[in-house]
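J.: For reference, the structure I am asking about is given below.
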Amino acid sequence: MPRLPASPKTRAYLGLVGAVGLSHVLVLAFCSSPAVVSNSVQLLAAVLALALCCRRSRQSPDAYFRAAWLKLGVAFCLWGMAQGYYLASILLVHHGPPFPSPADFLWLLFALPMLMVIVSRRGRAARWEWVQWLDTAQACTFFLLLFALVFGPASRFSVTEAYDVQSVALMLACLLRYSSTPVGPERVFFRNLGAYLLVYGVFSTLGNRLVERGMPLGSWGDLCWSTPLLSLCLLILLTPPSETVPAPLPRSIKPKAWLPSHVHGLSALALCLMSVFAAVALHVSRPVTSMVALALALILFAVRTSARESQLHYTHDTLQHSVLHDALTGLANRTCLRAELARALSDGAQSGRDAALLFIDLDRFKTINDGLGHAFGDRLLIEVAAILASLVRPEDLVVRLGGDEFVIMMEHADRELAEQMSRKVVERLREPLQLEGRLLHITASVGVVLGSPGMQPYDLLRDADCAMYVAKNGGKNQAQVFEQSMAQRAREELRLETDLREALEADDLTVAYQPIYSLER
C-alpha cells in the first residue's frame, strides 16, 4: 500500500484532488442546474492532471521519463481543450455541441500522445531507433483511419463507438508494453498508466452507454469523466518519483528472454489488424483512400517485421562476437582459441602440416600497472595487441588469454617459421614505445611449441606456457622452443615439492648435525 507522502506540497495536491472529487459529488447532489458547474469541475480535473504531469516531468532525473510525462501532459492538454470547448457550448447555447464536434475530435486525438508514450522505447542502439518510428507510424495510421470513419462524409462509426475502440486499443497496447518491460521504475510507470487506462476504459464505456440512453447534462453520469482523471492524479501523487535507470536485475527476477519478442510481435500484429479492419470499413465511402490505407498498414507491418529480424540477427552476431573476443583489445579470447586450435590440429593431421603456438607474456607488467595505474596498463595492452596484429600473417590468429598474456596461433608453420616469428615479436616489443607522452621500455618472454599428431589444444597451451616460463626464468626478453626435458623438469620439481610437503606433514624429516672442526691453531 502506498504511504502518504511527507512533502507538504504533495499533501496539498492530495487535498486539492480530494476537494475536486468531493465538490463534484456535492454539485451533482445539491446544485439546481449542475450542468455548467459539473463540466467546470471536469475541466479543473483535467487541468490538475496536466499540472501534475508537468510537475513530475520536472522532478524526473531521467530523460526518458521526462519525455514520457511531457507527452502525457500533451494528452491532458487536449482533453482540457475539448472540455473547455464543451463547456463554452453549454454556456452559449445552453446545451452541448452536436455530435460529432471539435470537442469529440480533440477527445479522440487525446489518445495519440498517450500511444506515443506506450510505443516509445528506452536504451535502443541508434541504428535501431527507426524501428520505433514504424510502430508510431502504424499507430498513427490506425487513428487517422478512425478519425476518417467518424468525421468522414459517410460516417461509419458513431462517436461513442470510436471512444470504445480507442479505450480498448489503449488498454491493449499498455498491457502488452507492461508485460514486456523488465522489473524496475519503467515497469511501475506502465503499471500505473495501465491502471489509469483500465479505469478510463470502464468509466468511458459506462458513460457512453448512459449518453446513448439519453443521460441529461449535469447528472450523476458526469462522474464517469472526472473519476479517471482524479484516479490518475492520485497514482501520480502516491508513487514516489524514483524514475532512475535501474540496476541490472538478478537472474532470478529477470523476465523470460522470449517474452519481449513475442509481445512486440503481438503488439505490431494487433495494430496492423486494427488498421486493416478500419481500412475495410472505410471502403464504402472512400474506396481509393481505403486501398491506400490498407496497403500502407500491410507495408508498415512487413517492414517492421523485417526490421525486427534484422535486429535479432544483429544482436545475435554481436553476442557471438562478445563471446569469442576480448572486450578490451578486440582480439580473440580463450574460447575462440580452443575452437580454432582444435580445428587447426584436425586439419593438420589430415594434411600433414603442423600448427605452431607462441605464448607471449610481458615482462614487469605488474610494475607498470602499480606505478602508472590500471587504466594506463589497459591502454598499453591495447597498444601491444595492435603491434602483435601487425606482425602476423593474414591466416594467423592473435589471442589475448587474460592479463598480459597473449598467444599467436600459426597454421601450416614449421619450426623455422615459428622461431622467426618469435624473434620478430621479441625484437619489436623491445623497441621503445611512446604512449600518452611517456617513453616506455617493455620486453616479452615467448614460449614456442609445435603441434604434432594426437595433441589436444590444452596440451599445446600447457607446453607453450612451460616454454614461456623457461624463457622468463632464463633472464626474460627472449624466446624458448619447447623441449620435452622442460616438461620433465617441471614435473620433477612439482613431485619434489609435493613429497616434501607430505613428509613435513607426516613428520618424516629429521635433521642431522655434522660438526665442523678447524685444524688450524
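The values are calculated or read from the model by the stated rules, or taken from the named source; none is laboratory data. What you are looking at is a predicted structure, and each value in this text was computed from that prediction instead of being measured. No Cβ is skipped: glycine too gets one built from the backbone with ideal geometry, and neighbour counts run over all protein chains shown. Surface areas here come from the heavy atoms of the whole protein model, side chains and all, with no ligands, DNA or RNA. Shrake-Rupley method; radii C 1.70, N 1.55, O 1.52, S 1.80 Å.
J.: Please sort 445-451, 193-199 by packing, taking for each peptide the average over its residues of neighbouring beta carbons within 10 angstrom, highest first.
T.: The packing order, highest mean first, is 445-451, 193-199.
J.: Once amide H atoms are placed 1.01 Å from N in the peptide plane, what residues at a sequence separation of 5 or more from residue 435, or on another chain, have their amide H within under 5 Å of its amide H?
T.: For residue 435, whose amide H was placed from the backbone, the distant partners under 5 Å are 440.
J.: Still on this structure, I have one more. Out of the total accessible area of region 175-218 (probe 1.4 Å, heavy atoms of protein only), what percent is carbon and sulfur?
T.: Of all accessible area on region 175-218, carbon and sulfur atoms account for 70 percent.
J.: Right, here's the next one. Could you rank the peptides 58-71, 40-53 by their average count of other C-beta atoms within 10 Å per residue, with the highest value first?
T.: Going from most to least packed, we get 40-53, 58-71.
J.: For region 415-521, which GluC sites (Glu not before Pro) are both in a DSSP coil and crowded by at most 11 other Cβ atoms within 10 Å?
T.: Filter output for region 415-521: 436, 520.
J.: Order these peptides, 370-376, 224-230, by their mean beta-carbon neighbour count within 10 angstrom, highest first.
T.: 224-230, 370-376
J.: Taking the solvent-accessible surface of protein heavy atoms with a 1.4 Å probe, what is the per residue accessible area of region 167-226 in Å²?
T.: About 43 Å² of surface per residue is accessible.
J.: So which chymotrypsin sites (Phe, Trp or Tyr not before Pro) in region 412-521 pass both tests, a DSSP loop state and at most 10 other Cβ atoms within 10 Å of the Cβ?
T.: 513, 517
J.: Rolling a 1.4 angstrom probe over the protein chains, ignoring ligands and nucleic acids, what is the accessible area of residue 291 in square angstrom, nearest 10?
T.: 110 Å²
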